[in-house]
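Just below is one structure, and these are the notes that go with it.
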Amino acid sequence: MPAIIDKITNALHSSDSTASSAPAFDPSKVTVIYVLGGPGAGKGTQSARLVSDFGFCHLSAGDLLRAEQNREGSEYGSLIRTHIKEGTVVPMEVTIKLLQNAMKAALQDKAADPLWANGRGLFLIDGFPRKMDQALKFDEDVCPSSLVLFYATTEEVMLGRLLERGKTSGREDDNVESIKKRFRTYNEQTMPVINHYKALNQVAEIDSSGTVEEVHDQTYKTISKLLAAKPHDGAAEAQA
Ligand code: UDP
Ligand code: MG
């Protein structure tokens, strides 16, 4: 998929905003894949599989928010709790900061890993961006994304999975009332994000109604293709 490389390069050079500066991470070294889909679509489950397949660092925006909510002394605890329970989107500054800090930490921690040599990084950003403002801001300021892995299935399937998970997850939003609100937020705010990247030809849609194995097989093929097509480090310059 060399078109993706062009897109990243263009995105970097075509920024028309007034005081724009380079993103925090260099996209010729750091690969960012957004993992999207409704609540219960299978984002977290499939991301975990990709960590062992390809050496990604998996960052779940929801997990980072829950950790921040529970961190002693956090000024955002109650704000995050309210949004999660109501199924609404936490203001992007909070989430983007948490993601950026986690990326920086992972790049340092994994520097000795051969897959991560020379500042290279491979990130799956799960459950983010959920809203257009977050998408534009992250792509511009943090790191342009290469691909959206979009897990699509029906609300019926998602509801069943979430209620099953709710028996043991301890999550305050795995109950019918919160789930309905999460579906609404997903349809109204996250679908436009997916459509935005579809228009850029940057979405790999996977039907996630099947078993974990079936969905993983599809995902594995998609990611293998992407990584094979995306050169790293000096390779990008050598090709130009
Ligand atoms: N959330 C948010 N911004 C994000 C990601 C998550 O505000 O970028 C909040 C939102 O309230 C969401 C909740 O965290 O409903 C749970 O998100 P998570 O991704 O954990 O849920 P999942 O989709 O995996 O069920
Ligand atoms: Mg999740």
> Residue-wise, which Karplus ³J(HN,Hα) couplings in Hz belong to the range 151-166, taking 6.51 cos²θ - 1.76 cosθ + 1.60, θ = phi - 60°, and x for glycine or proline?
Replying inline: 8, 10, 7, 8, 4, 4, 5, 5, 4, x, 5, 5, 5, 5, 4, x
> For the chain, what is the accessible area per residue in Å² when the probe is 1.4 Å?
Replying inline: 50
>> Check which residues have an amide H placed less than 5 Å from R120's amide H, if you skip close sequence neighbours.
In response: none
> Just from its helices, what would the mean residue ellipticity at 222 nm be for the chain, if runs of 4 or more DSSP H residues each count -39500 (n - 2.57) and the sum is divided by every residue, rounded to the nearest 500 deg cm²/dmol?
Replying inline: -16000 deg cm²/dmol
> With all protein chains present and a 1.4 Å probe, how do R120, R184 order by accessible area, largest first?
Replying inline: R184, R120
> Over the chain, what percent of the accessible surface lies on carbon and sulfur atoms, probe 1.4 Å?
Replying inline: 52
>> With +1 on the Cβ of every Lys and Arg and -1 on the Cβ of every Asp and Glu, and nothing else charged, how large is the dipole of the range 27-146 about its Cα centre, in debye rounded to the nearest 20?
In response: 160
> For D53, D63, what's the largest-to-smallest order of accessible area, 1.4 Å probe?
Replying inline: D63, D53
>> Compute, for the chain, the length of the dipole vector about the Cα centre, with Cβ point charges of +1 (Lys, Arg) and -1 (Asp, Glu) only. Units Debye, rounded to 20.
In response: 200
> For R71, R81, R66, what's the largest-to-smallest order of accessible area, 1.4 Å probe?
Replying inline: R71, R81, R66
> Hey, which aspartates and glutamates would be in cross-link range of K43, C-alpha to C-alpha under 13 Å, not counting anything within fewer than 8 residues on its own chain?
Replying inline: D63, D126, E205, D207
> How large is the charge dipole for the range 45-102, taken about the Cα centre, if only the Cβ atoms of Lys, Arg (+1) and Asp, Glu (-1) carry charge, to the nearest 20 debye?
Replying inline: 100
>> When a/c reaches 1.5 or more, the comparison of a/b and b/c decides; with that in mind, is the chain rounded, prolate or oblate per its Cα gyration tensor?
In response: prolate
> For the range 120-226, what does the alpha-carbon gyration tensor say about shape, rounded, prolate or oblate, given a ≥ b ≥ c as the root eigenvalues, a/c under 1.5 as rounded, and a/b over b/c as prolate?
Replying inline: oblate
> Given the protein chains as shown and a 1.4 Å probe, how many square angstrom of M92 are accessible, to the nearest 10?
Replying inline: 30
>> Pairs of alpha-carbon atoms within less than 8 angstrom and 6+ residues apart define the contacts here; what relative contact order does the chain have, in percent?
In response: 33
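The values are calculated or read from the model by the stated rules, or taken from the named source; none is laboratory data. For clarity, every value in this text was computed on a predicted model and none was experimentally measured. With ideal geometry, Cβ positions are generated from the backbone for all residues, glycine too; neighbour counts draw on all protein chains shown. Keep in mind that these areas ignore ligands, DNA and RNA; they rest on the heavy atoms of the full protein, side chains included. Shrake-Rupley method; radii C 1.70, N 1.55, O 1.52, S 1.80 Å.
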